[in-house]
1. Looking only at region 177-197, decide whether some residue is among the aliphatic types (A, V, I, L, M) and in a helix (DSSP H, G or I).
2. Does region 209-228 contain at least one residue that is over 21 Å from the mean Cα position of the chain (by Cα), aliphatic (A, V, I, L, M) and assigned to a loop (DSSP other than H, G, I, E, B)?
3. List every residue pair whose Cβ atoms sit under 6 Å apart, with the two residues 6 or more apart in sequence or on different chains, where the first one lies in region 233-257 and is touching a residue at least 24 places away in the same chain (Cβ under 8 Å) and at positive phi and the second, anywhere, is part of a loop (DSSP other than H, G, I, E, B) and surrounded by fewer than 19 Cβ atoms within 10 Å (Cβ to Cβ).
4. Looking at (1) in the same structural domain as Asn58 (by TED's automatic domain parsing); (2) free of Cβ contacts under 8 Å to residues at least 40 places away in the same chain, which one does Pro193 not meet, given that it meets all the others?
5. If you check every pair at least six apart or on different chains, which have Cβ atoms under 6 Å apart with a residue in region 15-34 that is part of a loop (DSSP other than H, G, I, E, B) first and a residue that is surrounded by fewer than 20 Cβ atoms within 10 Å (Cβ to Cβ) and among the hydrophobic types (A, V, I, L, M, F, W, C) second?
6. Which residues, counting only those in region 80-132, are part of a loop (DSSP other than H, G, I, E, B), farther than 16 Å from Thr29 by Cβ and among the hydrophobic types (A, V, I, L, M, F, W, C)?
7. Looking only at residues that are assigned to a strand (DSSP E or B) and in contact with a Lys or Arg (Cβ under 7 Å, 6 or more places away or on another chain) in region 145-161, which one is farthest from Met10 (Cα to Cα)?
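The values are calculated or read from the model by the stated rules, or taken from the named source; none is laboratory data. Only a predicted model underlies this, so the values are computations on that prediction, with no experimental measurement involved. A quick note on method: Cβ atoms are made from the backbone with ideal geometry, for glycine too, and the neighbour counts reach across all protein chains shown.
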Amino acid sequence: MQIIRTVEDMRCFVKTAKKNEKTIGFVPTMGYLHEGHVSLMTHAKEENDCVVVCVFVNPLQFNDTKDLDVYPRDETHDVTVCKNIGVDVLFMPPVSEIYPQAMGITMTLQKRIGVLCDRTRPGHFSGVLTVLSKLFHITEPTRVYFGLKDAQQVAVVDLLIQDLHFDTILRRIETVREADGLAKSSRNVNLTPEERTMAPTIYCALKEAVQQMKQGIKTKQEVMQLVETKIEVETTGTIDYIEILSYPELEEVSELKGTLIVACAVNFSKARLIDNIIMTCNEE
């Protein structure tokens, strides 16, 4: 496995791979790799000649510098995980490589915003768009891999690829979970032992909500109230949002029909957890 830290060296690798007609599977991450990331890498390895994993904690995605400062990092661990999977290249650039100077171009979303995480984290997805545009240009991937745990990010990446005509295929990978249902996340390490026992309630609440929706016996408001009540009663977390939207458009719906996302975010003492279920309702 090669460890590459500069844009120039990364481009050299890509140029050689393309010359030899090799496909590239790209997995962008912010590191502290866990089983969710491993799932993305495994899918990439199955479908491509070369797998490139990027570990880069993107400062533009953080509204609060304190959150950036405490974001978990472990380079030794990340290198070991990638070697064990058989990754071809681990791209680990310093901030100065990706942002050698202050950005003179601002990228903003016009759709799929104002809801979910974007509601309380303005500017977050502008940072996502910026760094992914850079990384897609640098790595020229045949396929890119994202987990559906952050379903809004997947919807935004889908729009980015469409609108800017990136010549890459988006692979959406199902959320990897702990045995008790908690979605794998780098932030889970920030939960206290008590919070860790409560956290699976989030997924349980979403599953109950989806069951009610499939049975057609609840309105949108009633389903959202069901999720809210369960989380408030069974955890010490503070609900950031609970939303039911069309997917991937992320638009408001008046009726529970079509492809929908039921999503929520919950703040614990030192961790903000997100989760969702994407489902298709009976349209009869």
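1. Within region 177-197, one or more residues are among the aliphatic types (A, V, I, L, M) and in a helix (DSSP H, G or I).
2. yes
3. Pairs found: Leu250/Val115.
4. All conditions pass for Pro193, except number (1).
5. Short answer, once both residue conditions are applied: Met30/Val57.
6. Ala102, Met103, Ile105, Met107, Leu109, Ile113, Val115
7. Here is the first cut: in region 145-161, the residues assigned to a strand (DSSP E or B) are 145-147.
Narrowing the set further to residues that are in contact with a Lys or Arg (Cβ under 7 Å, 6 or more places away or on another chain) leaves 145-146.
Numbers: Tyr145: 18, Phe146: 21 Å.
Taking the candidates together, the pick is Phe146.
Residues are listed down the side, and each one gets a yes or a no for (1) buried (at least 20 other Cβ atoms within 10 Å of the Cβ); (2) assigned by TED's automatic domain parsing to the domain that holds Thr120; (3) under 21 Å from Glu178 (Cβ atoms):
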residue: Thr197; (1), (2), (3): no, no, yes
residue: Cys204; (1), (2), (3): no, no, yes
residue: Glu208; (1), (2), (3): no, no, yes
residue: Gln212; (1), (2), (3): no, no, no
residue: Gly216; (1), (2), (3): no, no, no
residue: Ile231; (1), (2), (3): yes, no, yes
residue: Tyr241; (1), (2), (3): no, no, no
residue: Leu260; (1), (2), (3): yes, no, no
residue: Phe268; (1), (2), (3): yes, no, yes
